[in-house]
Amino acid sequence: MKFKLNKKNTLFLPKSHISDDLISKESFKYLKSLRKVIKDKKLENKPCEEIVGVLFDYKIKYITGDSCGGYCDIENKTIALNIEHYDIDDKQRFLHELGHTIQNEIGLFDIKENKLLSHKVKIEQETESMSYYLFDMIYTKDIDKKHNLLFDSYFSIEDFVWLKNWYRHYNIENDLIIKIND
Ligand SMILES: [Zn+2]
């Protein structure tokens, strides 16, 4: 498969990995308030079920076989984590989906309203960047491990192609990738 990026629409993309610039003001504000709640409710280092249950009244569901590592199901208030992809020692997938839950709380996880592929990528990159901060807030025992982790989902063109396919039922407007064979 051959594809390349439509350069006009990729100015917002960072050169690599996560960045504070990818986190909106609203999300930063929410993260700050969450830090206090996590402390007050003593959620540090607790299992993910307890964290999402207390914070958002969400449930965790473990899945297998899907091509994705996990997803955030807002309608059913559920975070799905693929146990075939999920490494219990790194917490990245859970934190990524937790980031989507936060985006939903502040109205940024508008996956059905905004149909641009570039917007989907922005949402993914924001949650990945938020994961970095969420790690600090929650996994205080593992904090030394954080710097060995790569918070790098959805920063490559292969990721964008994957995302486009993931949203194939949503009539996504592809403003990012040109020359793609579906
Ligand atoms: Zn995501």
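Using the structure shown, list the pairs from Lys112/Lys145; Lys115/Lys141; Lys77/Lys164 with a Cα-Cα distance above 30 Å, or answer none.
Lys112/Lys145; Lys115/Lys141
Between helix 25-40 and the chain, what is the angle of the helix's C-alpha long axis to the longest principal axis, kept within 0 to 90° and rounded to the nearest 10?
20 degrees
Within segment 134-182, list the trypsin sites (Lys or Arg not before Pro) lying in a DSSP loop whose Cβ has at most 16 other Cβ atoms in a 10 Å radius. Intermediate results must be reported in sequence, preceding the final value.
Values: sites: Lys141, Lys145, Lys146, Lys164, Arg168, Lys179; in loops: Lys179.
Loop-located and lightly packed - Lys179.
Just grab the label-to-label distance for Asp175 and Lys77, each label 7 Å out from Cα along the Cβ direction, in nm (one decimal).
If labels sit at Asp175 and Lys77, their model points lie 3.4 nm apart.
Helix-only mean residue ellipticity at 222 nm, the chain, DSSP H runs n ≥ 4 weighted -39,500 (n - 2.57), per residue, nearest 500. What is it? Please report the intermediate quantities before stating the final value.
Values: 5 runs with 71 residues, N = 182.
One gets -12500 deg cm²/dmol as the mean residue ellipticity at 222 nm.
Set the Förster distance to 35 Å, then compute FRET efficiency between His17 and Glu50 from the Cβ-Cβ distance, nearest 0.05.
Numbers: r = 29 Å, r/R0 = 0.83.
About 0.75, to the nearest 0.05.
What is the gain in length, in nm to one decimal, between Lys146 and Lys61 on full extension, counting 0.36 nm per residue of separation less the C-alpha to C-alpha distance?
Details: separation 85, 0.36 × 85 = 30.60 nm, distance 2.45 nm.
Extending this stretch completely gives an extra 28.1 nm.
If r is the Cβ-Cβ distance from Leu116 to Lys39 and R0 is 22 Å, what FRET efficiency results, to the nearest 0.05?
Between Leu116 and Lys39 the formula returns 0.05.
Which log10 I(q)/I(0) values does the chain give at q = 0.09, 0.11, 0.17 Å⁻¹ under the Debye formula, counting every alpha carbon as one identical point scatterer?
One equal scatterer on each Cα of the chain leads to -0.32, -0.47, -1.15.
Return the sequence-ordered ³J(HN,Hα) values of segment 151-156 in whole Hz as given by the Karplus equation 6.51 cos²θ - 1.76 cosθ + 1.60 applied to θ = phi - 60°, using x for Gly and Pro.
Per residue, the Karplus-derived 3J(HN,Hα) values read 9, 9, 6, 6, 10, 10 Hz.
Of the DSSP beta bridges with both residues in the chain, give the percent that are antiparallel, rounding to the nearest 5. Don't skip to the answer; put the middle values down first.
Details: 6 of 12 bridges.
Of those bridges, close to 50 percent are antiparallel.
Since every read-out is calculated from the coordinates, none of them should be taken as a lab result. Computed from a prediction, not measured in an experiment: that's the story for all the values here. Note that we place each Cβ from the backbone using ideal geometry, even for glycine, and neighbour counts take in every protein chain shown.
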